[in-house]
Structure formats: C-alpha cells, structure tokens
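K.L.:
Pasting in a structure now, in structure tokens, and then I'll have a few things to ask.
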Amino acid sequence: MDFILESPTRLLGSHTNLQPLPSAVHGTRTFYGARFFNQAMPIEGGEAPLVQNLADGETGDSFDKVMGKHLGAVFNDSDQPLVVSNITDDEIELQTPNGEKIIKDLYRNFLFNRKSAISNTPLVKKGDTVKPGQILAKSNYTDDQGNQAMGLNARIAVIPYKGASMDDAIVISERFAKRLKSQAAYARSMDYKNGIKGGKGHYQGLFRDKFENRQLDKLDKDGVVQVGQVLEQGDPIILASKPRMISSQNLDLGGLSRFMQNSRADASEVWDHESPGKVINVTRTRNGVKVDNFIILSQKPLEACAKLVKYSYRKVRLESTLKPQNIIMNVPFHSLQLLSSRH
C-alpha cells in the first residue's frame, strides 16, 4: 500500500465539511449546499449551529471552529500567556513575558465585492492576560467563541400551514423574522467630471424645493453626507448637478435659448433603500473635489420572498410571518419559529 486516506473529510472541501451528515445526502445536493456559505449575508447576533461536524486532528475542534479562524476571529496563537497592552480600532497589541510586542490586526468595515463587509469586535480589554488559544476578537461572521455563526438556530415544525408552507415556501414567526436581520454594506462614489458640480449652495440655487431642511442638515457645506448620519429612504448622499443633455439636432437648428443651453439637471446620489443606513466613512481626494467612497451600513429586516437556507442543504423562500398569538395544533406559535412542509 502506497497511500492511505486518513479520513473521508479529506476528499471534501471546507464548505462541504461544514454541512452535517454529508454521507447521508445525495452528492448533487451536497455540492449545491456548499455554495450557500459563499452567498450568505452576516446576521446580526448570529449563532453557531447546534449540529457540527468534527474536524480531523487531536484538537477536538469542529469544522465550524476551524472556519471561524478564516472568517475573521482573532486568537492568541502563541504557546504562552500574553498581556493586552493596547487596543485600537485597527489592532490589538500584546506583550510577551519577555517584553516583546505582538500585533494582531483587526478588520474595520473592510468591504468585500458586493453588499457585505467584515468587522472585528475585541472581546478583551487593556490589561487582560490571555491564555494560549484564547479568542481576542470576534467578527460579524463568528460568535464569541470563534465559531462560524452565519445563521440562527430555530425550532421547526414540519407541517403544512394553509398552503403558505408548500414546497420551498416557509412561514416564520414575527419575532424570529426580527432576529433575522442581515448586515449590508453599500459603497457609493462620485467623480466631479464631465461638467458635474457639487456644493450645497450651488445645488439649492438650482433645486430649492428638492429636499427638506431636515434632510439637508445631514450634509456639510459641500453637499456631502457627514459621517455618523443615519439616512432614511429618499435622503441625499451627495448633492450635484450636471449639464442637461441637448440633442445635436436642436443645437444645429439653433432652436434652444441660451437659458436652456446652460440649464442643468439633477445628478445627486440618493439613499433609495427602505431600511435606514448609517454613514461610517467618507473618503475624499487631496483636492477635496472628488468624493471617492462612501461606506454605509444597513440592517435589512427579513421580508416576504426573501431567500433562506436550511442546514439540510435546502434553499427556501419566506412566504409570510405569523403573530405570536397564533395557535398551531394547540401549540402557541411563540414556542415555534419556523413552519415547513419538509425537513
């Protein structure tokens, strides 16, 4: 014998190994379910799954614990106790018994490709002594123990409910729906090129009644939203105008007045999401003209037709929510959290 496979998990990828009981599931369904982790949005107050697969090795960790280290959780990976000497938004500074400094970098609203970002939350404070292997900071994708926590555990009743839980549709309680808030991050930018002009005074001179004073109070004199402001639907992010598009035919015919030739159109960026968003960063270039990047964080509540994923390799669709006083088979619905026609 030349080679031996120590464990069947070595045949599978990390996301497949996160799924419980993979050997009891059809291969195509397992392959499909492994894609869900890449698509999931971080949940506010996420929980580690109650059922986890044991990873290979002598540590006794689950794959959820192993993946937590790749999802932003920060640990003391030294073989000796360390003292926390300083904590900032960007790093945790540790000190060894010999006085040597060790720096652990932290994420702070680091944007991914689209709609999501990663941030660390320190779980220690200055002066603490941390043991080897102790968690120092969690991320918005892990729990306080460093396990991947991209969802919530639910009490599920396998029962049809008035046609609303048919096939891939599910029904959940209103209380559980409020807990299933996803964290979304949006980046916006604007270049003052091709005749685009900014400034609150400039904009108000052209479009005086476009926004209310309470909305304009969230902006600075340049017409740019200020860090820390909470945007509601319809609030401006940046005020700007652009030259109005005029057809070459009208220009050639001289059919436009000088006023129309010099008129401008609205080019403002507006917050168009139903859920509020908090502005956490605004970056400008050195000349102060181009607004390079906004980062806006929003907690998006669960709505009808939202896509959810069960840990049993199935993607489902939210059909409706029920109030706590509803009774299902003499069981108060507040004791259940999800109704489904299949496991």
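Here, each number is a calculation from the coordinates, and none is a lab measurement. Here the structure is a predicted model, which is why all the values come from computation and not from measurement. Cβ: placed from backbone, ideal geometry, glycine included. Neighbour counts: every protein chain shown.
K.L.:
Rounded to two decimal places and with Rh computed the Kirkwood way over Cα pairs, what is Rg over Rh for the range 8-139?
P.N.:
Rounded to two decimals, Rg over Rh is 1.03.
K.L.:
Per DSSP helix of 4 or more residues, -39500 (n - 2.57); summed, then divided by the residues of the chain. What does that give at 222 nm, rounded to the nearest 500? Let's see the in-between values first.
P.N.:
Working: 9 runs with 51 residues, N = 343.
It lands at -3000 deg cm²/dmol.
K.L.:
With both partners inside the chain, how many of the DSSP beta bridges are antiparallel, as a percent to the nearest 5?
P.N.:
Bridges in the chain that DSSP calls antiparallel: roughly 85 percent.
K.L.:
Residues with beta-carbon under 10 Å from that of K218, excluding K218: net charge, scoring Lys, Arg +1 and Asp, Glu -1? Spell out each step's value before the answer.
P.N.:
Numbers: positive: R214; negative: D217, D220, E232, D235.
Here the count lands on -3.
K.L.:
Something else: Order the peptides 203-214, 131-142 from the highest to the lowest mean number of other Cβ atoms within 10 Å of their residues.
P.N.:
Ranking the peptides 203-214, 131-142 by packing returns 131-142, 203-214.
K.L.:
First measure r as the distance between the Cβ atoms of F110 and M245, then evaluate 1/(1 + (r/R0)^6) with R0 = 25 Å and state the FRET efficiency to the nearest 0.05. Could you put the intermediate results ahead of the total?
P.N.:
On the way: r = 38 Å, r/R0 = 1.52.
Efficiency, rounded to the nearest 0.05: 0.05.
K.L.:
Let me ask something else about it. Can you compute 3J(HN,Hα) from phi for each residue in the range 121-133, using the Karplus curve 6.51 cos²θ - 1.76 cosθ + 1.60 with θ = phi - 60°, rounded to whole Hz and x for Gly and Pro?
P.N.:
Taking θ as phi minus 60°, the curve returns 10, x, 10, 10, 10, 4, x, 5, 9, 10, 7, x, x Hz for the range 121-133.
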